[in-house]
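Novice: Take this structure, written in structure tokens, and hold onto it; I'll ask about it next.
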Amino acid sequence: MTPIGFRVGQSFLHSLDARFKLICLVLLSLSCVDAPFWAMAVLSAAATILLIQAGAGMGSLIRELRYFLVLLLVVWISRGLSTPGTTLVRLGGLGLTQEGLAEGAIIGWRLLLVVMMGVLMIITTRPAHIRAAVAQLLAPLPGIAGHKLATMMGLIVRFIPVILDHAHLVSEAQQARCVHLRRNPLYRIPYLVVPLMRRTFLHADTLCDAMEARCYHPQGGLDRLSAQTRDWVALFCVVGFCALLFIA
Amino acid sequence: MRIIEIENLRHRFADGTLGLDGVNMTIETGTLLVLAGANGSGKTTLLKHLNGLLFPETGRVLVAGKPVAEDVMRARQLVGMVFQDADSQIVSETVWDDVAFGPRNLGLERADVIGRVTAALESVGLAGMADQRPHQLSGGEKRRLAIAGVLAMQPQVLLMDEPFSNLDHPGVCQVLQQLLAVHQTGKTIIVCTHDVEKIIGYAHRLVILSSGRIVLDGEPEAILPQMEPFGVRAPCALRLGLPVTPWLN
């Protein structure tokens, strides 16, 4: 599994402040829920152009999103089977309807668009800047420790590949002792989960020590972000576009 | 000048086990000290006391004349620690961000952070990998990144816990060269290991721990022939009756 991550670049999106990108992402994602066809087309075209400009290879992007695309296919077919209308094909007792497929395609398109915009955010923004943006945007909210939340987010992203590596190692060690001959998955699960959890918690302990050894404290370790004119212009354009959709 | 002073240090773990028992030691600035002992002898526990990650039951540790317990942040800035498992020490999603983690915690200005990170990455030969994901680095590169992360905090003392474990030969050479280069800049280095072969040719002092106590302490030539009863294997050259030479040669 190759996670989608930050890529160095000089594109327009790379130059924007992470806080503004995050606000724009939230606004556009919410707008996608009920956007008309023309707005979806505009957003899709813009997202594709920005992805290319940001240096994301379409081939590798599709490869990295393959499981999500399978999920979209499942959503599309499920919608086609569960929506009443003109039946195109009959599968057992269920009919695949024209209206269902059309609705499923629109839902899939909306979800894909939200994911594409999220990918744009991730590949054009340093993870440290995303953390700083989350901490700064959550700071005014009472009862939410924005800095701690941002640190947790960063650590999760950093350690997902490490935990997956551990899982792979544990799984290989189990297979070397013929665990695959046990057909019952309920038997196999504890033998994978228990050593993996133990190793992950030990890892987490060492991580805490390592962070403390480098003077970690919740308020520190975050970049200071500064807004430029282009950030306000971009936000103004996005807010205008969302307002237009709301009025229409 | 004494950079580290340990006075009657005693540490007991939560389960009641005695980790360190009456350790006394002083370390002069610029020393390259090897701390050796069998597994469970208390090496890592002792290192954690120098960095303020653990605090003693009795006794005290002074860094540059001031007790660690009085100002932990100062101690952590002056004494940098590189952990045995580099993967556990690397906390950020890019090489650059990981090296910047410490300087940012110190609340430095952005320009200072950039300066320190650039210098640290150049010093360990990772300048061209600043935007890579740490997960994709080799074992030796990860260890060098961990060293860079500590160097960026500009410590006076560098603690290294089993720096050569799980590394192939080129990885060991890279880390050893790096360690010696840092020592050349005048920093005090304490290397904790149960395998002294690779580093002993460069060390000024060898300390052997056993069951939480210092059992041997002195110049390597004097200590090497006596250390095997304490679970530390003597270098091959010594076993063959030859002089111990620097490992990189």
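All of the numbers you see were taken from the coordinates with simple rules; none came from a lab. Given the structure is predicted, the values throughout are model-derived calculations rather than measurements. Please note: Cβ atoms are built from the backbone with ideal geometry, for glycine as well, and neighbour counts cover all protein chains shown.
Novice: Which links in A:Lys21/B:Lys142; B:Lys43/B:Lys198; B:Lys66/B:Lys142; A:Lys148/B:Lys43; B:Lys66/B:Lys198 stretch past 26 Å when you go from one Cα to the other? Write down the numbers at each step before the final one.
Specialist: Numbers: A:Lys21/B:Lys142 32 Å; B:Lys43/B:Lys198 18 Å; B:Lys66/B:Lys142 32 Å; A:Lys148/B:Lys43 32 Å; B:Lys66/B:Lys198 33 Å.
Check vs 26 Å cut-off fails for A:Lys21/B:Lys142; B:Lys66/B:Lys142; A:Lys148/B:Lys43; B:Lys66/B:Lys198.
Novice: Okay, moving on. Quote to one decimal, in nm, the extra length available between B:Arg74 and B:Leu180 on full extension: 0.36 nm per residue of separation minus the C-alpha distance between them.
Specialist: Stretched out fully, the B:Arg74 to B:Leu180 stretch lengthens by 35.7 nm.
Novice: Still on this structure, please answer the following. Could you tally the net charge around B:Glu197, taking each other residue with its Cβ under 11 Å from the Cβ of B:Glu197, Lys/Arg +1 and Asp/Glu -1?
Specialist: Net of charged neighbours comes to +2.
Novice: Considering only B:Gln178, A:Gln10, A:Ile123, whose Cα is most displaced toward the positive end of the charge dipole of the protein assembly as shown, charges sitting on Cβ of Lys, Arg (+1) and Asp, Glu (-1)?
Specialist: In the protein assembly as shown, that residue is A:Ile123.
Novice: Roughly what % of Cα-Cα distances in the range A:1-138 sit above 19 Å, to the whole percent?
Specialist: 58
Novice: Right, another one. Identify, among B:Ile190, B:Leu35, A:Gly85, the residue whose Cα sits farthest towards the positive end of the charge dipole of the protein assembly as shown, taking +1 on the Cβ of Lys and Arg and -1 on the Cβ of Asp and Glu, with the dipole about the Cα centre.
Specialist: A:Gly85
Novice: Say a site is exposed when it is one of the trypsin sites (Lys or Arg not before Pro), sits in a DSSP loop, and has at most 14 other Cβ atoms within 10 Å; what is then the longest site-free stretch of chain A? Kindly include the intermediate steps, with their values, before the conclusion.
Specialist: Working: sites that count: A:Arg177, A:Arg182, A:Arg183, A:Arg224.
My reading of the result: A:1-176 is the longest stretch.
Novice: Another question about this same structure. Quote the FRET efficiency, to the nearest 0.05, computed for B:Asn249 versus A:Thr86 with a Förster distance R0 of 60 Å and r equal to the Cβ-Cβ distance.
Specialist: Rounded to the nearest 0.05, the efficiency is 0.10.
Novice: Nearest 20 debye, what's the magnitude of the dipole of the range A:1-78 about its Cα centre given +1 on Lys and Arg Cβ and -1 on Asp and Glu Cβ?
Specialist: My answer is approximately 180 debye.
Novice: Along the charge dipole of chain A, pointing to its positive end and built from +1/-1 on Cβ of Lys, Arg, Asp and Glu, which listed residue (A:Ser29, A:Ala46, A:Ile107) has its Cα farthest out?
Specialist: A:Ile107
Novice: For the protein assembly as shown, what is the convex hull (Cα atoms) projected area averaged across all directions, in square nanometres? Before the final figure, lay out each step's value.
Specialist: Working: hull surface 124.0 nm².
Averaged projected hull area, Cα only: 31.0 nm².
Novice: Just B:Asn24, B:Asn39, B:Asn105 to compare: in a GNM of chain B, with alpha carbon springs under 10 Å, which one fluctuates most?
Specialist: Maximum among the listed residues: B:Asn105.
Novice: Further question: Test of the criteria: in the range B:1-94, which GluC sites (Glu not before Pro) are in a DSSP loop and have at most 16 other Cβ atoms within 10 angstrom of their Cβ?
Specialist: B:Glu57
Novice: Something else now. Could you list the residues of the range B:127-165 with an amide nitrogen less than 13 Å from a label point located 7 Å from the Cα of B:Asp112 in the Cα-to-C-beta direction?
Specialist: Of the residues in the range B:127-165, B:153-154 have backbone N under 13 Å from the label point off B:Asp112.
Novice: Rounded to the nearest 5, what % of DSSP beta bridges with both residues in the protein assembly as shown are antiparallel?
Specialist: Numbers: 24 of 43 bridges.
Among the beta bridges of the protein assembly as shown, antiparallel pairing accounts for roughly 55 percent.
Novice: Could you give the nm distance between label points at A:Leu169 and B:Cys173, where each point is 7 Å from its Cα heading toward the beta carbon?
Specialist: 2.6
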